[in-house]
1. Just to check your reading of the model, which residue among I112, I142, I146 is in a loop (DSSP other than H, G, I, E, B), surrounded by 15 or more Cβ atoms within 10 Å (Cβ to Cβ) and either touching a Ser or Thr at 6+ places or on another chain (Cβ under 7 Å) or not assigned by TED's automatic domain parsing to the domain that holds W92 (or both)?
2. Suppose the filter is under 25 Å from D73 (Cα atoms) and either within 15 Å of the chain's Cα centre (by Cα) or not assigned by TED's automatic domain parsing to the domain that holds F72 (or both); does D120 pass it?
3. What are the residue pairs meeting all of these: first residue in region 1-26, first residue touching a residue at least 40 places away in the same chain (Cβ under 8 Å) and in a loop (DSSP other than H, G, I, E, B), second residue among the hydroxyl-bearing types (S, T, Y) and buried (at least 16 other Cβ atoms within 10 Å of the Cβ), Cβ atoms under 8 Å, and 6 or more apart or on different chains?
4. Restricting to region 51-73, name every residue that is farther than 10 Å from S17 by Cα, crowded, with 17+ Cβ neighbours inside 10 Å and in contact with a Phe, Trp or Tyr (Cβ under 7 Å, 6 or more places away or on another chain).
5. If you take the residues of region 74-88 that are crowded, with 20+ Cβ neighbours inside 10 Å and of a type in the set (S, T, N, Q), which of them is farthest from D130 (Cα to Cα)?
Amino acid sequence: METWLEIFEFPGYSVSSWGRVRNERTGRVLTLLRNQNGVTHVGMNRNGLQHKRGVAKLVAKRFLRHTTLDDFDTPIHLNGDRSDNQASNLAWRPKWFADTYTRQWNFYGARIDQPIRDIDSGESYVDSTDAAKTHGLLERDIVQSILTGVKVFPTLQRFEIIE
């Protein structure tokens, strides 16, 4: 079910759990725009001035649990699709991590193309990409965990290949 919450920074506007933004005075859902980096944003007015804001951050601020870690200030798109701004597809991460996470889907890098599992929880995944997108992790870190046993930032999970 779609839920709408007020955008505190922009009175008269609300954001939905599905990644939509609405002008409450007119009832109109705003048009989503994309910049040259693929970031979806909207234009909203405040005090007679137009302001652009990223939709993912608007959704994350209102629908994701706020982290106590100051540097976890940038939302990532778990499935790698920057146009999918549903709250269920977002997670807070540090800016440096978010940049790397977004770029990893544009290149073919280290990956494990067979079933793996989280050593501690026992949860299994089709491959390392599936685990990365499920938990918002860097795929290269999952591969490193499988090879060396190190824990993956920021969830501290450890992975292994299912034999």
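The values are calculated or read from the model by the stated rules, or taken from the named source; none is laboratory data. Remember, it's a predicted structure, so these values are computed and weren't measured experimentally. All Cβ positions, glycine included, derive from the backbone under ideal geometry; neighbour counts span all protein chains shown.
1. On the way: I142 fails: in a loop (DSSP other than H, G, I, E, B); I146 fails: in a loop (DSSP other than H, G, I, E, B).
Just a single option satisfies the conditions, and that option is I112.
2. Numbers: under 25 Å from D73 (Cα atoms): no; either within 15 Å of the chain's Cα centre (by Cα) or not assigned by TED's automatic domain parsing to the domain that holds F72 (or both): yes.
Considered against the rule, which asks whether it is under 25 Å from D73 (Cα atoms) and either within 15 Å of the chain's Cα centre (by Cα) or not assigned by TED's automatic domain parsing to the domain that holds F72 (or both), D120 comes out as no.
3. These pairs meet every condition: T3/S16; T3/S17; I7/Y13; I7/S14; G19/T40.
4. Hit for region 51-73 is F72, nothing else.
5. Taking the candidates together, the pick is T74.
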